[in-house]
1. Please verify whether residue 41 is more than 21 Å from residue 189 (Cβ to Cβ) and β-branched (Val, Ile, Thr), treating the condition exactly as stated.
2. Within region 103-137, restricting attention to residues that are of a type in the set (A, V, I, L, M) and surrounded by 21 or more Cβ atoms within 10 Å (Cβ to Cβ), which residue is modelled with the lowest pLDDT?
3. Tell me which residues, restricted to region 168-191, are charged (D, E, K, R) and free of Cβ contacts under 8 Å to residues at least 24 places away in the same chain.
4. For residues that are hydroxyl-bearing (Ser, Thr, Tyr), farther than 15 Å from residue 83 by Cα and not in a strand (DSSP E or B), scanning just region 95-135, find the one that is farthest from the chain's Cα centre (by Cα).
5. Consider residue 188 carefully, then state whether it is farther than 30 Å from residue 22 by Cβ and among the aromatic types (Phe, Trp, Tyr).
6. So is residue 49 modelled with pLDDT under 95 and either outside any loop (DSSP other than H, G, I, E, B) or more than 18 Å from the chain's Cα centre (by Cα) (or both) or not?
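The values are calculated or read from the model by the stated rules, or taken from the named source; none is laboratory data. This is a predicted model, so every value here is computed, not measured. Ideal geometry is used to build each Cβ from the backbone, glycine not excepted, and the neighbour counts take in all protein chains shown.
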Amino acid sequence: MRAFFAVDLPDSLAPAVADAQAPFADAAGVNPVDPEKAHVTLKFLGEIGGRDDETEPTVDDVIAAGERAVDRAAVGPFKCTIADLGVFPNREYISVAWAGVDSGTEELTALHEALEAETTALGVDPEEHEFTPHVTLARVENGTGAEAVRGALDADDPEIGSFAVDEIRLMRSTLTESGPEYDVVRGFDLG
């Protein structure tokens, strides 16, 4: 199964996520994410536990790693605020538009680092980029879409809102023609 660790945004913030996407949501070459599926990815795992590959960690291995990571990070419940716009990899070549984390960055980074250590010990590939906590708003396929996103970057930054984080989740991601479907495999309480 394709999996990742994440912090889900509450459903109450979905309208604010949609508002943040609005300036570029209808532009050609922009694929907005479903606002009701908004989350902060802490660690993408790729395929786990479903193939014949004996080097691939099992779901139970990953759950145990998640438990160890939460203990290792020693992060209790905290407040997270999502605000501002950003892009990956840079303004000149945009592939992803995102909303950033204003408060809660330290806690999310501690959780990411602990998950990174525990899952790479299982054989999961390490991250290739520095961790930047964010909520993906859209994927950008071409220059027309990138221009629409640049216009939004030059406008006022959105403030999506704040929420309490008291757990992280191991999520299953199933790719479909209408976009990814997410299911919670296991929650891990903080503190």
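1. no
2. Filtering region 103-137 for residues of a type in the set (A, V, I, L, M) gives 108, 110-111, 114-115, 117, 121-122, 124, 135, 137.
Of the ones still in play, those that are also surrounded by 21 or more Cβ atoms within 10 Å (Cβ to Cβ) are 108, 111, 114-115, 124, 135, 137.
Working: 108: 98, 111: 98, 114: 98, 115: 98, 124: 92, 135: 97, 137: 97.
My answer is 124.
3. Selection gives 177, 181, 183.
4. Residue satisfying both the conditions and the ranking: 120.
5. Yes; evaluated as a whole, the condition is true for this residue.
6. Criteria met by residue 49.
Residue-wise test of (1) crowded, with 21+ Cβ neighbours inside 10 Å; (2) more than 18 Å from the chain's Cα centre (by Cα); (3) assigned to a loop (DSSP other than H, G, I, E, B); (4) not acidic (Asp, Glu).
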residue: 5; (1), (2), (3), (4): yes, no, no, yes
residue: 12; (1), (2), (3), (4): no, no, no, yes
residue: 24; (1), (2), (3), (4): yes, yes, yes, yes
residue: 43; (1), (2), (3), (4): yes, no, no, yes
residue: 68; (1), (2), (3), (4): no, yes, no, yes
residue: 72; (1), (2), (3), (4): no, yes, no, yes
residue: 79; (1), (2), (3), (4): no, no, no, yes
residue: 84; (1), (2), (3), (4): no, no, no, no
